[in-house]
Every structure is written in C-alpha cells, then in structure tokens.
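Written out below as structure tokens is the structure these notes cover.
Nothing in this text is a laboratory measurement; each read-out follows from the coordinates by a stated rule. Predicted model, so just to flag it, every value in this text is computed and none were measured. For neighbour counting, all protein chains shown are included, and Cβ atoms are generated from backbone atoms with ideal geometry for every residue, glycine included.
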Amino acid sequence: MDMSPLAPSKLALVPFVSVANMMRLVNEIGPEQVMRDLAAYIEEDFRRWPDFDKTPRVASHSAEGVIELMPTADAENYGFKYVNGHPTNGRTGHQTVTAFGVLSSVATGYPLLLTEMTLLTALRTAATSALVGKYLAPKGAKVMGMIGNGAQCEFQALAFRAICGIDALRLYDIDPAATEKAARNLTAQGFTVTKCRSGEEAVEGAQIITTCTADKQYATILTDNMVGSGVHINAIGGDCPGKTELHRDILTRSDIFVEYPPQTRIEGEIQQLDEDHPVTELWRVMRGEAEGRRDAKQITLFDSVGFAIEDFSALRYIHDRVRGSEYAEMLDLLADPDDPRDLFGMLTRAG
Ligand SMILES: NC(=O)c1ccc[n+]([C@@H]2O[C@H](COP(=O)([O-])OP(=O)(O)OC[C@H]3O[C@@H](n4cnc5c(N)ncnc54)[C@H](O)[C@@H]3O)[C@@H](O)[C@H]2O)c1
C-alpha cells in the first residue's frame, strides 16, 4: 500500500475506461452483441421516459463545428457526454466526432464512471438506429443503402444486421476512398457489398436508406425522386442548426419519428418545417402508445440527432459491464481530505 502523503484514498478513486480498454471490452463481447445489449438498455430507458430530467443539449457553435454537452438524470444517476462535431477535421487527421462522458450518483454527486465515448457514441448511435428500425422498417428488409461511408458507417451496418436482419449493403460516398474503406471492412464482416457511383444507385432496391454524411450546410443527400414508397429512412447526419441531409419534400411525404422534439426541432431535418408539424416521439411507440409502421406503402423517417438518454443508457451499460473488472482503471480524480472541511490542509501535504 502507498503510504505517501499524496496517495489517493478509496473515495478519491473513480473507475475510468480508456479507449484501449473499450476496444478490448467490445472485441471480447463482440460489436454486434454490444449493440444488441445497448439497444436493450436504450429501449428500457425510452420506456421510462417520464422518469428523466430532459433538456435540449447545450451547443456551442463555431464556423468549424460544434461542441456540445448532453446531460440527463433519473432519481438514481446523472449522466453527461461531452461531444464535438467538426466536419472538416479529417483534413488534419482529426476525427469529426469525439466524446467522453461521466455517470454519477445523484445521492452523493460523486462520479461512478469516467469513460471514453468516441467508440461508445458510434455504438450507441447505431444501436439506437437499429432499435428504431425494428419498429419502423418494412418487415423482412434485407438491403440497406448507405450514403456517407465515414466513421459511423460500419457500426450502422453491423447494428442493422444484428437487430433487423440486413445482409446486403449499397454504399456511396463523395470520397471513393471512404467507400473503399467501408467496403473492405464490411466484406470482411460477411456482408454482400455493392459499391455505388451515386446516391441514386445506392438507394436502388433498398428497403432502408441510411444517410450518414458530415457537412455544415443544408445538404441534399436525398432528393424526393430518390425515395420510393414503403422505405424507412434512417437520417443520422443532419444534427445541427443549418446542417441537414434531406430535401424538404421528402419530409412532407414521410411519417416522422423523433427522440426529443424540443431538441430535434432545433437540430434535425424538421428544422426545415413549421414548428407544429406533426412528429411522433419514439418512446411512445416503444411503450405501445403510438403507432409505428402502419402499412407497406408508408415512408417512415427517423430524424436522428442523438439524445442524452441514449448516452445515459450507454454509460449505464458500460458501468454494469466494467464494475470491478480489469477494464476499469482507478483514477485519482476527487480530492478526499481526511476531514471533509480541511481541503486546504490536504493541499499543504504536497508542500
Ligand atoms: N444522430 C446521431 O446520433 C449522430 C451521432 C454521431 C454522429 N452523427 C453525425 O453523423 C455524421 C457522420 O459522422 P461520421 O463520424 O461518420 O463522420 P465522417 O466525417 O467520418 O464521415 C462522413 C462521410 O460523409 C461523406 N460525405 C460528405 N458529404 C457527402 C455527400 N454530399 N454525399 C456523400 N457523402 C458525403 C464524407 O466524405 C465522409 O466520408 C456527422 O454529420 C455526425 O455529426 C450523428
């Protein structure tokens, strides 16, 4: 035992999951199983939606991108994620999206977990999409068109296989190198992959269309003529004011499903519509209080922006998995004086 005056006490220590340990943990369980598990945690939390304190995320915008804080809490735990979105980061070797997060005890306010969330965000975003797909995608869907083949792409594909049974993918990205990368990774994972030269080609014959591009503008990744009746659209990349992916006409033909309307109205595809345009909250669908897919002709749209409860569920899952395991390192994060009121006395120990 370290007896030095600076040695941390038990209450000072917070379990920390590094990127390396997250990679090891996810590979040990298997990414598809992790996303099945995450979907189950997310579904459980969506079904108890009224239990949570909710607020649209707190966003700090700049010309280059956005930095966001995403907090939520139930009676027992508080969670938040720090996340950025910088579409041109790739040019300098940085990720578009990075994240980390904290789960705390409401009773003491002490953190229970600090974890990397860059990998975890990709996993939880894909798990949420596929969970929503379970309620909204046409039955028996096998083919997914994927426009935008960057960091999130493979996670989405694996989650849709694990949860919805997708086995064929049609990939398109304006950067052919991104499509090459995704095709290589996904072929190795056993998918039937078609590399496409346009968005139009990518959506041909697809029952599910995933848009997962990054660009800080009102983009038109899908035009109205590209969307036939009966498809499910999983729109991931339009998630900030002034950053959308779908032509407005698609929205008016679709039944739109959202996470938390006060946030989605600011950030989602529906920022293009009137403030009172009807949308359905997914938690109500999951509780059986609202209808999901009604018929085979309906176009369903998940206007995904990513909501704090999904991160809370992911934090809860990781906390459950790593507790007392080798995947959690103990960090000396919280000052813990012998006498709680003698914080200054503790400081002088290092003098
Ligand atoms: N909804 C959510 O919960 C959620 C979560 C995480 C990320 N996101 C968003 O998802 C998007 C993708 O994230 P990422 O980490 O994969 O980014 P990324 O930068 O790694 O990949 C984006 C890809 O989109 C491609 N692209 C850009 N414009 C295009 C266009 N017009 N047509 C076709 N392809 C185009 C780029 O070439 C790139 O390969 C981002 O906008 C991000 O903000 C949403």
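Quick notes
- For the stretch 126-307, lysine pairs separated by 8 or more sequence positions, or belonging to different chains, with Cα-Cα distances below 17 Å total 7.
- In the chain, Cα pairs under 8 Å separated by at least six residues give a relative contact order of 21 percent.
- Helix runs (DSSP H) in the chain reaching 20 Å along axis by Cα, Kyte-Doolittle at least 0.0: 118-136
- Looking at the chain, the DSSP beta bridges with both ends there are about 50 percent antiparallel.
- One decimal place: the segment residue 187-residue 94 gains 30.9 nm when fully extended, by the rule 0.36 nm per residue minus the C-alpha distance.
- Pairwise FRET efficiency - residue 75 versus residue 336, Cβ, R0 = 30 Å, nearest 0.05: 0.70
- With K and R counted +1 and D and E -1, the other residues having a Cβ less than 14 Å from that of residue 21 yield a net charge of -1.
- Overall dimensions of the stretch 126-307, expressed as equivalent-ellipsoid semi-axes from the Cα gyration tensor (√(5λ), whole Å, largest first), are 24, 18, 14.
- Fluctuation leader among 38, 246, 334 - the chain, Gaussian network, Cα springs under 10 angstrom: 334
- Most to least packed among 171-184, 141-154 [average Cβ atoms within 10 Å]: 141-154, 171-184
- Protection-proxy order for peptides 207-217, 289-299, 231-241, each taking the mean of Cβ atoms within 10 Å per residue, highest first: 231-241, 207-217, 289-299
- P(r) histogram, all alpha-carbon pairs of the stretch 33-148 included - 10 Å bins from 0, percent: 12, 34, 36, 17, 2
- For the chain, the share of alpha carbon pairs falling in successive 10 Å distance bins from zero is 5, 24, 33, 22, 9, 4, 2, 0 percent.
- Per-residue [θ]222 nm for the chain (sum of -39500 (n - 2.57) over DSSP H runs n ≥ 4, rounded to 500): -10000 deg cm²/dmol
- For the stretch 161-262: span of alpha carbons on each principal axis (Å, largest first): 40, 27, 27
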